[in-house]
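Student: Take this structure, written in structure tokens, and hold onto it; I'll ask about it next.
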Amino acid sequence: MLIVFFVALLVLLFISVPIASSLSLATIAGIWMHDSLPLQIVPQRIFVALNSFPLMAIPFFILAGNLMSAGGMSQRLVNFAGALVGHRTGGLAMVAIITSMFFAAISGSGAATTAAIGSILIPAMVARGYHPEYASANQAISGALGVIIPPSIPMILYGVAAEVSIGDMFLAGILPGLLITLSLLVSAYIIAKKRGYHGMEKRSYSDVGKSFKEAILAIVMPVIVLGGIYSGVFTPTEASVVAVVYSFVVGFLVYREISLKQLMETLRDSALASSVIMIVIGAAGLFGFFVSITGVPDMVYDFVSGMVTNKYMFLIMVNILLLLAGMFLDGGAAILIFVPLLFSTAVNLGIDPIHFGTIMVVNLAIGLVTPPVGIDLFVVAQISRLSISKIARAAVPLIILLFVDVLVISFIPSLSTWIPSLMK
């Protein structure tokens, strides 16, 4: 039964059947061959997987990010970051990184961050003499911060799948996100120094102040949302609704850059993106139920126990596995697939659940920029009109840097657990 199940899943994925359909069809085949599981369990388990209050945060954070982009907040963040660091060597590359970090604190999505900031900065970088391949690769890598800096949609999925606090997961992403941001800024400076990417004209203090004043409403937004969560004023799900209301009020009533037509398009695009994620969640819930009831996690633990002698070897194995999975699977789908398989083993080996979740999310963030399925690569390719292969080659040094960051995060648990422990 299990052999048929896994073979069917691998074959379906190999022939490019959509993730949700692959998970559903393979699981239905396994349930059909099971002695005591009726097929009626299929719709029941899909409903159970979707019947979760925290999951409501996903469509709201997606909508908030889209409203933020349509409402002109992303342009104002770019202007402010440009006033701060645009004059330095590699300044525009640094602006892309810093602005992506700010935007990630609301969107929760790598693709949304890449699209919103890349559409502004990739043409600007090319106009300043940056190689188009590097400009695209830098933005794609920076966009990956969208799933690491809280709030993060993959962290919400991990929190639901592993039954751990989503608020703790958000806190756990702060230091790893800052570590990756700092490493990218250093790399941008080194590459710019080597290739002669000069900065723009230095802005006066009055210009910096003016750009800060224009961007203040966008900068304050993550403070309100995340501050409300950590102070206990509202839950992560309620915070997502606050983010939507705030984005709408600022974009529609204050900045007045969202027309009724844009609003309807934003609602439509957000609904489509949310529905795709929810379909995958339902299918993954059915998959998780089946692997759990058939004892697959115990089999994985027994197998791993016979191969590794400590948790550090296990973490190395998990990092390699997730990096490979990220090349072929969407990050959210990968989390929902691998949490039922690996979570119990990680806990039994003494790995903190919050730390393990951070490792999973950061690993799968790299998957956003690794072919053949790296979605951030496709987004920047549409903006720059370059081939995926050219951008991927330019991204290799930055991907290696991210992998080094992953190893640091993996073997220094306090990077993930220290801030959550302060809030206990």
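The values are calculated or read from the model by the stated rules, or taken from the named source; none is laboratory data. Being a predicted model, the structure only gives us computed values, none of them experimental. Reconstructed Cβ throughout: ideal geometry from the backbone, glycine too, with neighbour counts over all protein chains shown. Keep in mind that these areas ignore ligands, DNA and RNA; they rest on the heavy atoms of the full protein, side chains included. Shrake-Rupley method; radii C 1.70, N 1.55, O 1.52, S 1.80 Å.
Student: Are any residues in segment 16-49 open to solvent by 70 Å² or more (accessible area, probe 1.4 Å) and aliphatic (A, V, I, L, M), and if so, which ones? Full working, then the answer.
Tutor: Just the residues of segment 16-49 that are open to solvent by 70 Å² or more (accessible area, probe 1.4 Å), to begin with: 16, 18, 25, 32-33, 35-36, 39-40, 43-45, 47-48.
25, 33, 39, 48 - these are the residues of segment 16-49 that are open to solvent by 70 Å² or more (accessible area, probe 1.4 Å) and aliphatic (A, V, I, L, M).
Student: Being at pLDDT 85 or above, of a type in the set (Val, Ile, Thr) and open to solvent by 30 Å² or more (accessible area, probe 1.4 Å) is the filter here, so list the residues in segment 253-278 that pass it.
Tutor: 254, the sole residue that qualifies.
Student: Can you tell me which residue among 178, 157, 182 is aliphatic (A, V, I, L, M), part of a helix (DSSP H, G or I) and open to solvent by less than 40 Å² (accessible area, probe 1.4 Å)?
Tutor: 157
Student: From 90, 129, which residue is open to solvent by less than 10 Å² (accessible area, probe 1.4 Å) and either touching a residue at least 24 places away in the same chain (Cβ under 8 Å) or touching a Phe, Trp or Tyr at 6+ places or on another chain (Cβ under 6 Å) (or both)?
Tutor: 90
Student: Right, here's the next one. Being at pLDDT 85 or above, within 20 Å of residue 68 (Cα to Cα) and open to solvent by less than 60 Å² (accessible area, probe 1.4 Å) is the filter here, so list the residues in segment 203-216 that pass it.
Tutor: Residues satisfying the conditions are 211, 216.
Student: Only one residue in 56, 68 is within 22 Å of the chain's Cα centre (by Cα) and open to solvent by 70 Å² or more (accessible area, probe 1.4 Å), so which one is that?
Tutor: Unique residue meeting the criteria: 56.
Student: So, one more: Which residues, taken from segment 352-381, are among the β-branched types (Val, Ile, Thr), crowded, with 21+ Cβ neighbours inside 10 Å and in contact (Cβ under 8 Å) with a residue 60 or more places away in the chain?
Tutor: If the condition is that a residue be among the β-branched types (Val, Ile, Thr), crowded, with 21+ Cβ neighbours inside 10 Å and in contact (Cβ under 8 Å) with a residue 60 or more places away in the chain, then 354, 358, 361, 362, 366, 369, 379, 380 are the ones that fit.
Student: Also: Working only within segment 299-326, note down all residues that are under 22 Å from residue 111 (Cβ atoms) and surrounded by fewer than 16 Cβ atoms within 10 Å (Cβ to Cβ). Explain how you work it out, then say what you get.
Tutor: So the first thing to find is which residues in segment 299-326 are under 22 Å from residue 111 (Cβ atoms), and the list is 322-326.
Hit for segment 299-326 is 324, nothing else.
Student: So residue 197 ticks every box in (1) at pLDDT below 90; (2) out of contact with any Lys or Arg (no Cβ under 7 Å at 6 or more places or on another chain); (3) part of a helix (DSSP H, G or I); (4) open to solvent by less than 30 Å² (accessible area, probe 1.4 Å) but one. Which box is left unticked?
Tutor: (3)
Student: Right, here's the next one. Taking segment 34-56, which residues are in contact with a Leu (Cβ under 9 Å, 6 or more places away or on another chain) and small (Gly, Ala, Ser)?
Tutor: Listed by number, the list holds a single entry, 49.
Student: Inside segment 229-272, can you point out the residues that are of a type in the set (A, V, I, L, M, F, W, C) and either in contact with a Ser or Thr (Cβ under 8 Å, 6 or more places away or on another chain) or more than 25 Å from residue 54 (Cβ to Cβ) (or both)?
Tutor: 229, 250, 252, 253, 254, 258, 260, 263, 264
Student: Restricting the first residue to segment 149-167 and requiring it to be under 21 Å from residue 98 (Cβ atoms), which pairs with a second residue that is in a helix (DSSP H, G or I) and open to solvent by 30 Å² or more (accessible area, probe 1.4 Å) meet a Cβ separation below 9 Å and a spacing of at least six or different chains?
Tutor: Pairs found: 149/101; 149/102; 149/174; 149/178; 150/174.
Student: Residues in segment 396-406 that are open to solvent by less than 60 Å² (accessible area, probe 1.4 Å) and not β-branched (Val, Ile, Thr): how many? Spell out how you get there, then give the answer.
Tutor: First pass over segment 396-406, keeping only residues open to solvent by less than 60 Å² (accessible area, probe 1.4 Å): 398-399, 401-402, 405-406.
Then drop every residue that is not not β-branched (Val, Ile, Thr), which leaves 398, 401-402, 405.
Going through segment 396-406 one residue at a time, the tally reaches 4.
Student: Give the number of residues within segment 13-67 that are in contact with a Gly (Cβ under 7 Å, 6 or more places away or on another chain) and small (Gly, Ala, Ser).
Tutor: The number of residues fulfilling the criteria is 2.
Student: If the Cβ limit is 6 Å and pairs must be 6+ apart or interchain, which residue in segment 217-235 that is under 18 Å from residue 249 (Cβ atoms) and without any contact (Cβ under 8 Å) to a residue 60 or more places away in the chain pairs with which residue that is among the hydrophobic types (A, V, I, L, M, F, W, C) and open to solvent by less than 20 Å² (accessible area, probe 1.4 Å)?
Tutor: Note: pairs meeting the criteria are 228/239.
Student: Mind checking which residues of segment 201-241 are of a type in the set (A, V, I, L, M) and touching a helix residue (DSSP H, G or I) at 6+ places or on another chain (Cβ under 6 Å)?
Tutor: 208, 215, 217, 218, 221, 225, 229, 239, 241 - these are the residues of segment 201-241 that are of a type in the set (A, V, I, L, M) and touching a helix residue (DSSP H, G or I) at 6+ places or on another chain (Cβ under 6 Å).
Student: Identify the single condition in (1) closer than 28 Å to residue 58 by Cβ; (2) part of a helix (DSSP H, G or I) that residue 351 does not satisfy, given that it satisfies every other one.
Tutor: (2)
Student: Name the helices (runs of 4 or more DSSP H) wholly inside segment 357-424 in which the number of residues that are over 30 Å from residue 232 (Cβ atoms) is 1 or more.
Tutor: Details: elements: 375-384, 388-411, 414-422.
Correct list: 375-384, 388-411.
Student: Six or more apart or on different chains, Cβ under 8 Å: which pairs go from a residue in segment 51-68 that's at negative phi to one that's among the acidic types (Asp, Glu) and open to solvent by 10 Å² or more (accessible area, probe 1.4 Å)? Could you list them?
Tutor: Final answer for the pair search is 66/269.
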